[in-house]
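Just so it is clear, none of the values below were taken in a lab; they were calculated from the coordinates. As the structure is a computational prediction, the values presented were derived from the model and not from experiment. Positions of Cβ are generated from backbone atoms using ideal geometry, with glycine treated the same way; all protein chains shown enter the neighbour counts.
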Amino acid sequence: MHKLALLQTIIAADPLRMRILRRVEALQLADCWVAAGFVRSAVWDHLHQRLDSALPTDIDVIWFDGASACKTVDGEIEAALRRWDETLDWSVKNQARMHRRNGDRPYTSATDAMRHWPETATAVAVRLGADDRIEVAAPFGLNDLFDLIVRPTARFKGEKRQAYLDRLRAKNWLANWPDLTIL
């Protein structure tokens, strides 16, 4: 099965992830996606032949709207999501402001912002489109995600290398997914 179709199948087969995608879609935020560990963990669990895939410790909701690029708006959205499900740790970030925190040039979209994330396998996001069709944003493609490769993105190979190494230690992914290849 093609990697895109397999990703869509993995997410669609997970009732909890689909419930979250429906809730996030109902927010009607501009250029909005659920990203990072939400997708990565589901795929890595599938590839490690686990029947169930636990949600990550936080649910990363990214969106892009230059007119609403203030942290307060993200906080209000997180509060609304917590009212819907207080058991989940929501992390909502308008990518139109995140370049300042990350020391990057301004981003042009949520997908452009993902190009500046630490690993290629993490820079994958999903959302619901028409008829509950799962749309995928993956600026580095899906090969590393499905090939179980943790590879730094360009700035994290050089200038931000120590941040990448610190992140690898903190995440300790090999303890959960021993078939990973860390580069």
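What the table shows:
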item	result
The chain - Kirkwood radius from inverse mean 1/r over Cα pairs (Å)	16.8
Burial ordering of Met18, Met98, fewest other beta-carbon atoms within 10 Å first	Met18, Met98
Surrounding net charge for Arg161, when Lys and Arg each add one and Asp and Glu each subtract one, Cβ distance under 11 Å	+2
Candidate lysines - alpha carbon under 20 Å from Lys157, same-chain residues fewer than 8 apart omitted	Lys171
Burial ordering of Thr9, Thr111, fewest other beta-carbon atoms within 10 Å first	Thr9, Thr111
Cα→Cβ-extended label distance, 7 Å offset, between Arg100 and Asp58, nm	1.8
Average silhouette area of segment 27-97, convex hull of alpha-carbon atoms, in square nanometres	5.1
Relative contact order (percent, whole number), the chain, Cα cutoff 8 Å, 6+ residue spacing	21
Residue order, fewest to most beta carbons within 10 Å, for His2, His99	His2, His99
Net charge, Gly103 excluded, C-beta distance under 11 Å - Lys, Arg +1, Asp, Glu -1	+3
Longest site-free stretch - the chain; sites: GluC sites (Glu not before Pro), DSSP loop, at most 16 other Cβ within 10 Å	1-85
Relative counts (whole %) of C-alpha pair distances in segment 116-177, using bins that are 10 Å wide	21, 43, 26, 9, 1
Counting DSSP beta bridges with both ends in segment 50-183, the antiparallel % (nearest 5)	40
Label-point separation, Arg19 to Leu6 (7 Å along Cα→Cβ), nm	2.8
